[in-house]
Amino acid sequence: MHIHNLTEQNSILNTFISELRDVTIQKDSMRFRRNIERIAEILGYEISKVLNYKTSQIKTPLGVCEMNVLDNDIVLCSILRAGVPLHNGLLNYFDTAQNAFISAYRHHQEQSDDFEIRVEYLACPDLENKTLILADPMLATGQSIVATFEALKPFGKPKDIHLACVIGAQEGIEYVSKYFDKDAHLWIATIDPDLNEKGYIVPGLGDAGDLAFGEKLQH
Ligand code: URA
């Protein structure tokens, strides 16, 4: 798997990630969602550099200009619910993409930190020969993104696969690297060292779904 860690080079992206992490700034959920969206736009821009292009004649008011324009059939798939702002940001750039949504969540046994990933809702177009972008802001254990990909298999075999994430734990990155084949790409805004006993990324930012959309009742 090709791993692209976007904070290997300093850029404005660092500011957006810092604001997501900051315990005071992250309380503003509109700003939290918008920062994820801004990061998604940067991820989208980086992904666009390895996609396919075709030459097109563009008629301007003053003449004709030859331009290389994107020539990929993209399906953007996000994991509910934290994936929604990431999805929106990617869709700002890949505005003609088709869309897939899946609910994959951690189901905890009573009072236990152990969990299994449950996939329930799934809406997906045909994936055969498409460019699949799987969006999940927090790549913690990697189990959700793998469970998602497994659930998508009946919809066809994508031509290429891109995982788009904001923060990844080293352990989760190793897990997905072993699962996906070597041609797949992981685009990640930054990488953190640890996971705690509850499977949260440390230092991370907390619960991305709750910060974006409010706390939920456990079930
Ligand atoms: N999901 C989150 O929202 N945060 C984490 O740290 C891990 C998974």
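The values are calculated or read from the model by the stated rules, or taken from the named source; none is laboratory data. No experiment lies behind these values; they were computed from the predicted model shown. Counting neighbours? That spans all protein chains shown, and the Cβs are built from the backbone with ideal geometry, glycine included. Accessible surface is based on the protein model in full, side chains and every heavy atom, while ligands, DNA and RNA are left aside. Shrake-Rupley method; radii C 1.70, N 1.55, O 1.52, S 1.80 Å.
At 1.4 Å probe size, with the rest of the protein present, what percent of the exposed accessible area of the chain is carbon and sulfur atoms? Carbon with sulfur: 50 percent of the solvent-accessible area. Think of a 1.4 Å ball rolled over the protein heavy atoms: region 1-109 then has 56 Å² of accessible area per residue. Pair-distance distribution P(r) for region 150-190, from all Cα-Cα distances in 5 Å bins starting at 0: 6, 19, 28, 26, 14, 7, 0 percent.
The simple spin-label model puts a point 7 Å past each Cα toward its Cβ; for residue 202 and residue 3 those points are separated by 2.0 nm. Residues whose amide H comes within less than 5 Å of that of residue 127, counting only those at least five positions distant or on another chain, are 156 (H built at 1.01 Å from N in the peptide plane). Debye sum, Cα scatterers, region 148-219, no solvent: what log₁₀ I/I(0) at q = 0.16, 0.20, 0.26, 0.28 1/Å? Per q value, in the given order, log10 I(q)/I(0) is -0.74, -1.01, -1.21, -1.27. Its Cα gyration tensor gives the chain an equivalent ellipsoid, and the semi-axes of that ellipsoid, as √(5λ) in whole Å with the largest first, are 30, 21, 16. With the highest mean first, a sort of the peptides 112-121, 10-19 on other beta-carbon atoms found within 10 angstrom per residue produces 10-19, 112-121. Note on residue 27: lysines with a C-alpha under 23 Å away, same-chain residues under 8 apart excluded, are 198, 216. Modelled label positions at residue 194 and residue 129, each set 7 Å beyond Cα in the direction of Cβ, lie 5.0 nm from each other.
In sequence order, region 196-205 has phi-based couplings of 8, 5, 8, x, 8, 6, 10, x, x, 8 Hz under the Karplus curve 6.51 cos²θ - 1.76 cosθ + 1.60, θ = phi - 60°, and Gly or Pro positions carry x. Projecting the Cα positions of 168, 152, 217 onto the charge dipole of region 132-219 (unit charges on Cβ atoms of Lys, Arg, Asp and Glu, taken about the Cα centre) puts 152 furthest along the positive direction.
When you count the other C-beta atoms within 10 angstrom of each residue and take the mean per peptide, 71-80, 200-209 line up highest first as 71-80, 200-209. Here the contact order of region 20-99, divided by its residue count and restricted to Cα pairs under 8 Å and six or more residues apart, works out to 32 percent. Karplus-derived 3J(HN,Hα) values for region 24-33, using 6.51 cos²θ - 1.76 cosθ + 1.60 with θ = phi - 60°, are 8, 4, 5, 5, 7, 5, 5, 5, 4, 4 Hz; glycine and proline are entered as x. To the nearest 0.05, what FRET efficiency results for residue 69 and residue 106 with a Förster distance of 45 Å applied to their C-beta separation? Efficiency at R0 = 45 Å is approximately 0.65. Taking θ as phi - 60° and the Karplus parameters 6.51, -1.76 and 1.60, the scalar couplings of region 147-159 work out to 4, 4, 4, 4, 5, 7, 3, x, 8, x, 9, x, 6 Hz in sequence order, x denoting glycine and proline.
Taking the Cα centre of region 1-152 as reference, the dipole from Cβ charges on Lys and Arg (+1) and Asp and Glu (-1) amounts to some 500 debye. Sorted into 10 angstrom bins from 0, the C-alpha pair distances of region 83-187 split as 14, 47, 33, 6, 0 percent. Rg and Dmax, both from the Cα atoms of region 40-98 and both in Å, are 14.2, 46. Estimated translational diffusion coefficient (Stokes-Einstein, Kirkwood radius over Cα pairs, 37 °C, 0.692 mPa s) of region 31-151: 203 µm² per second.
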